[in-house]
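Undergrad: Let me begin by handing over the structure; questions about it come next.
The values are calculated or read from the model by the stated rules, or taken from the named source; none is laboratory data. Predicted model only: the values in this text are computed from it and were never measured. Backbone-built Cβ (ideal geometry, glycine too); neighbour counts: all protein chains shown.
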């Protein structure tokens with residue numbers, strides 16, 4: 001039986017549901033070569049529709065079932081059939097290919113000399129699943145964004161109401177995923193590359209010597225097509241750093257303090273160099289946002305709410321280029337490695353020094369001296385080439401994980417904050433928030449201060465962390481302390497101090513469960529540092 005005769009049809013389906021330690025969300029463009037994507041394939045998968053419906057998007061899933069059953073489509077259903085703004089859970093690269101079969105062959109509206117004419121999201125999805133080990137469960141949520149909305153489609157909406165799904169944009173819908181830990185925006189990075197930025201200086205020809213010709217002489221040759229200015233529209237201008245970093249960081253700090261956003265530093269032309277480099281204005285703004293002065297040290301006068309929000313950003317540099325791609329983002333490989341390492345070794349472990357899969361290499365290439373400068377100021381996660389493979393030099397944040405008040409104390413005491421700028425520290429704290437939040441939701445009705453089950457569940461959770469090597473100390477008493485605060489009939493509170501092994505000194509956690517908060521049941525997790 002031959003595949004060419006269509007007697008065998010390969011239909012990739014999701015694997016059995018397995019718990020993934022870190023779930024990643026990607027927003028990007030995914031143009032369809034033959035019109036609409038394979039939305040009927042999605043409508044025929046009840047397990048995937050159930051996951052989407054649990055996010056509060058049950059009406060969209062029900063409408064997809066109706067359309068697949070033969071209901072007549074209305075103009076309002078066009079965006080739904082195009083799968084715009086709909087979080088799609090993916091567990092394999094084949095599942096993505098079955099939904100968007102022509103994603104790698106279709107052109108995008110925005111084209112640049114460096115970025116090319118193809119979307120970056122499909123390559124980022126492929127890079128993500130290349131990190132999966134045999135038998136390993138990696139989970140990626142993909143949200144297709146409408147190209148016609150430009151860069152604004154990737155940014156938070158001011159009018160969005162998290163309680164009303166109709167007002168949410170793609171960014172806010174990514175925040176609905178409860179176990180999402182990492183957010184990536186590969187095609188926003190593509191739109192930030194200037195259209196005419198090239199890696200080799202353009203060849204400049206000398207001007208022709210002017211000559212006098214008789215009237216009626218034809219001066220143009222007939223070997224070239226003459227273009228009018230209206231046929232070549234000017235490319236859209238790239239957004240300044242403040243319009244990207246500020247909205248994203250503030251939205252994450254306010255709505256999802258357990259999440260991080262991977263974002264590559266834009267490219268810009270460097271004076272006196274044929275190759276482009278990191279945008280200096282973007283780096284300078286990131287440094288000011290993190291509360292750094294011109295020398296790269298913390299400035300107490302610049303510390304504030306913006307600094308607290310900036311710790312949710314992990315900046316990457318440079319990009320990737322290989323034999324199978326013109327230029328692409330590194331967020332797919334980095335996010336996939338972060339998810340794979342967290343699944344295999346623990347969420348508290350870094351991915352630094354681990355070779356990234358694939359044949360793509362960092363571009364433009366960086367020396368160790370240049371990488372060290374970016375790592376120290378403003379704090380960029382740099383990719384380097386070692387033995388014909390790409391790897392992360394060090395996972396860095398531009399802003400330390402400590403709140404602004406604690407940073408002022410460190411600065412006044414002249415203490416170093418180096419280990420607080422590690423990205424794996426922020427991932428570990430976000431994972432703690434999600435795990436304790438889920439634990440509180442399971443114990444939401446167990447608010448009797450005399451009931452030992454909540455305390456036993458917390459001790460079991462942190463004892464398991466100690467056995468896995470996440471907490472240091474020979475005894476459990478050295479690894480964590482658990483103290484129950486004053487409680488009443490409708491309120492449970494625990495103060496927890498833990499001593500993580502990589503590389504934090506101590507984290508203090510307040511676990512509060514209140515059944516009598518304005519008539520609603522709530523579970524709060526507050527993380528302090530010391």
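Undergrad: Please go through segment 168-181 and pick out each residue that is part of a strand (DSSP E or B) and surrounded by 24 or more Cβ atoms within 10 Å (Cβ to Cβ).
TA: If the condition is that a residue be part of a strand (DSSP E or B) and surrounded by 24 or more Cβ atoms within 10 Å (Cβ to Cβ), then 181 is the only one that fits.
Undergrad: Can I ask one more? Filter segment 267-312 for residues that are within 22 Å of the chain's Cα centre (by Cα), over 16 Å from residue 241 (Cβ atoms) and assigned to a strand (DSSP E or B) and give the result.
TA: none
Undergrad: Okay, next question. What pairs can you find where one residue is in segment 61-79 and modelled with pLDDT under 90, the other is part of a helix (DSSP H, G or I) and surrounded by 12 or more Cβ atoms within 10 Å (Cβ to Cβ), and their Cβ atoms are less than 7 Å apart, with a gap of 6+ or different chains?
TA: Filtered contacts from segment 61-79: 73/67; 73/81; 77/63; 77/67.
Undergrad: Taking only segment 30-47 into account, find how many residues are out of contact with any helix residue (DSSP H, G or I) (no Cβ under 6 Å at 6 or more places or on another chain) and more than 18 Å from residue 170 (Cβ to Cβ).
TA: 7
Undergrad: Show me the strands (runs of 3 or more DSSP E) found entirely inside segment 105-145 where at least 2 residues are within 25 Å of residue 49 (Cα to Cα).
TA: So the answer is 139-144.
Undergrad: Follow-up. Only one residue in 56, 94 is surrounded by fewer than 17 Cβ atoms within 10 Å (Cβ to Cβ), over 14 Å from residue 173 (Cβ atoms) and within 24 Å of the chain's Cα centre (by Cα), so which one is that?
TA: 94
Here is a yes/no grid of residues against (1) under 23 Å from residue 364 (Cα atoms); (2) within 18 Å of the chain's Cα centre (by Cα); (3) at pLDDT 90 or above; (4) not in a loop (DSSP other than H, G, I, E, B):
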residue	(1), (2), (3), (4)
166	no, no, no, yes
202	yes, no, no, no
209	no, no, no, no
243	no, yes, yes, yes
254	no, yes, yes, yes
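Undergrad: Quick one: which strands (runs of 3 or more DSSP E) sit completely within segment 437-530 and have at least 1 residues that are at pLDDT 85 or above, over 29 Å from residue 308 (Cα atoms) and touching a strand residue (DSSP E or B) at 6+ places or on another chain (Cβ under 7 Å)?
TA: none
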